1. What's the number of the condition T65 fails, among (1) closer than 16 Å to M149 by Cα; (2) not in a strand (DSSP E or B)?
2. Does segment 348-356 include one or more residues that are closer than 19 Å to L402 by Cβ and surrounded by fewer than 22 Cβ atoms within 10 Å (Cβ to Cβ)?
3. Return the only residue of I53, I34, I81 being buried (at least 17 other Cβ atoms within 10 Å of the Cβ), closer than 13 Å to L5 by Cβ and modelled with pLDDT of 95 or more.
4. Inspect all residues belonging to segment 127-139 and state whether any of them is modelled with pLDDT under 95, of a type outside the set (A, V, I, L, M) and within 30 Å of A262 (Cβ to Cβ).
5. Of all the residues that make up segment 134-145, how many are crowded, with 19+ Cβ neighbours inside 10 Å and more than 16 Å from E87 (Cα to Cα)?
6. Are there strands (runs of 3 or more DSSP E) fully within segment 250-352 with at least 1 residues that are free of Cβ contacts under 8 Å to residues at least 60 places away in the same chain? List them.
7. Considering only residues that are touching a strand residue (DSSP E or B) at 6+ places or on another chain (Cβ under 7 Å) and either closer than 16 Å to M335 by Cβ or outside any helix (DSSP H, G or I) (or both), look in segment 398-415 and name the one that is modelled with the lowest pLDDT.
8. Go through (1) farther than 16 Å from S60 by Cβ; (2) crowded, with 22+ Cβ neighbours inside 10 Å one by one and return the number of the condition A148 breaks.
Amino acid sequence: MQAELISIGTELLLGEILDTNAQYLAARLPALGIDLFYTSKVGDNMDRLTEVIERAWGRSDLVLTTGGLGPTEDDLTREAIARVLGEESSVDPELERQLREFFAQRSATMPERNLKQAMLIPSSRAIPNPRGTAPGWWVERQGHIIVAMPGPPSEMQRMWEREVAPELERRTAGQRTVLVTRTLKTMGIGEGHVDELVSPLLKSTNPSIGVYARPDGVQLRIAAKASSREEAQRLMQPLEEEMRRILGDAVWGADDDTLESAIGDLLQRNHLTLATMESCTGGLLANTITNVPGSSAYFRSGLVAYNAETKIAWGVDPEIIAQYGAISAECARDMARAVRERLNADVGVGITGVAGPDPEEEKPPGTIHVGFDAAFTVPQHVSYQFAQGREAVKRRAVTTALALTRRVLLESKGHEPV
């Protein structure tokens, strides 16, 4: 089955929002044995939208659209599909009842403009959307399918997972070749070195291997084609085991794992607690750590000390700041010590630096110092200079802090790898 994605909304063309829906769907089609050949973005214009849908209908077996199912005048997806197929829309009584009930349950009166969300054409059926007012459309005629889904990601993803993907899986079962991928995530060794280490495995064609540099390390993607997901996973397993043997502790996770969740697992496994003191990152490290569900089991707290006076107030040695400056490796190490002691944690991490864009205390923008302190090892630090914008520098500093924490914990006696 050949598929095409159409993302609908002028806000996408203006760069006001990112098209995460297309990324989400594109990543899930291969496992269904569906080939994606085209993607498009189009604004809220009837003529252009009709043109894009008509072209997709003519060349693709499956057309997936996201967006344009709202109640306003510029939500035109239903109307454009009806025009392409030459069919008339009409209000479906059951959909109207459900829509009015949706508003009544929230003690609100339904605007009559929302009635367009209860419309169908003869070739369509509604796809339930309990997270919003816009049902999807499943349109089928002459061997072609259009699936129209809402634009809000939470609504689209639920509709895809519960309604659309299971139906497509049933239809392609027994007549497909699926592509299944597995991504191993590494840290601490460069892309070229990783490529050299796994070079004997790169000749494999099914499964195949790709090596990619990412902000949180080097990733290796294993991809296998087979008649079923289970068979593809059986093909990949020996290759993954060999890659893990070769790369050892450099592998910190796989697929949807995050570095912060890997750190959390390592801390919990060793019954350790963590506290942070941040300057230039403004609490981003603490926010990242606490994005992991259950992080309260190991994360004590985080302090934001954005100037020298606050650092001293939270226990940083004023002599260190006087001698080395607030933006220094020595200060980062002492921030880690101070927060560990002040918050009674096993591990302390400190970050100081210049996020930019302007220099500070004659230190260039992008200067970052990360300190680590724990009772079971000597204080450590890493220092970098990142030639990027303010937001990117802050994120790189957080990734660097997590990487240092993982490395020291692995190197310390008695602490096993994730």
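1. (2)
2. No, segment 348-356 contains no residue that is closer than 19 Å to L402 by Cβ and surrounded by fewer than 22 Cβ atoms within 10 Å (Cβ to Cβ).
3. The match here is I53.
4. No - not one qualifying residue is present in segment 127-139.
5. Total meeting the criteria: 3.
6. Output list reads 299-304.
7. Among them, the one singled out is S412.
8. Among (1) farther than 16 Å from S60 by Cβ; (2) crowded, with 22+ Cβ neighbours inside 10 Å, A148 violates only (1).
The values are calculated or read from the model by the stated rules, or taken from the named source; none is laboratory data. These numbers were taken from a predicted model, which means no experiment stands behind them. Reconstructed Cβ throughout: ideal geometry from the backbone, glycine too, with neighbour counts over all protein chains shown.
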